[in-house]
1. Residue by residue through segment 28-72, note down the ones that are assigned to a helix (DSSP H, G or I) and in contact (Cβ under 8 Å) with a residue 40 or more places away in the chain.
2. Return the total of residues in segment 7-30 being out of contact with any strand residue (DSSP E or B) (no Cβ under 6 Å at 6 or more places or on another chain) and either modelled with pLDDT of 80 or more or among the acidic types (D, E) (or both).
3. Exactly one condition in (1) at pLDDT 90 or above; (2) under 26 Å from T93 (Cβ atoms); (3) loosely packed, with under 12 Cβ neighbours inside 10 Å; (4) not basic (K, R) is not met by Q33; state its number.
4. Tell me whether segment 36-56 contains one or more residues that are surrounded by fewer than 12 Cβ atoms within 10 Å (Cβ to Cβ), modelled with pLDDT of 85 or more and touching a strand residue (DSSP E or B) at 6+ places or on another chain (Cβ under 9 Å).
5. Considering only residues that are under 28 Å from T8 (Cα atoms) and surrounded by 15 or more Cβ atoms within 10 Å (Cβ to Cβ), which ones fall in segment 58-96?
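The values are calculated or read from the model by the stated rules, or taken from the named source; none is laboratory data. Remember, it's a predicted structure, so these values are computed and weren't measured experimentally. Here the Cβ positions follow ideal geometry from the backbone for every residue, glycine too, while neighbour counts run over all protein chains shown.
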Amino acid sequence: MANRTIITIYTRQKTIARRLEAFPVRPCPLCRQEVAAVTVEAAAGLLQIDMGELSRLVDGSVLHKLATTLGASLICCPSLSLALAQQEKEVRTEEP
């Protein structure tokens, strides 16, 4: 019988968002302060998740969703930063 070798590859990717002054500032009711915000599409891209998973994170209050006067949805940057840190922590614990 032939020997089998299993190879597991772990990858990491860092995304750096610059120029926070260019992001809109909105009041976040959960953070209770004025915060920078990004679009839901940008937040999903940064977290590398689909819109369904993003909705679950919003429903679970992991991400804070903000509404604009025009009805658009934004994600609070401090909550996004915490979610990214949690995601990085989970990746580290999965590594051997």
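1. Scanning segment 28-72 gives a single hit, L47.
2. 3
3. Condition not satisfied by Q33: (2).
4. So far as segment 36-56 goes, no, none of its residues is surrounded by fewer than 12 Cβ atoms within 10 Å (Cβ to Cβ), modelled with pLDDT of 85 or more and touching a strand residue (DSSP E or B) at 6+ places or on another chain (Cβ under 9 Å).
5. Once the filter is applied, which keeps residues that are under 28 Å from T8 (Cα atoms) and surrounded by 15 or more Cβ atoms within 10 Å (Cβ to Cβ), segment 58-96 yields A83, L84.
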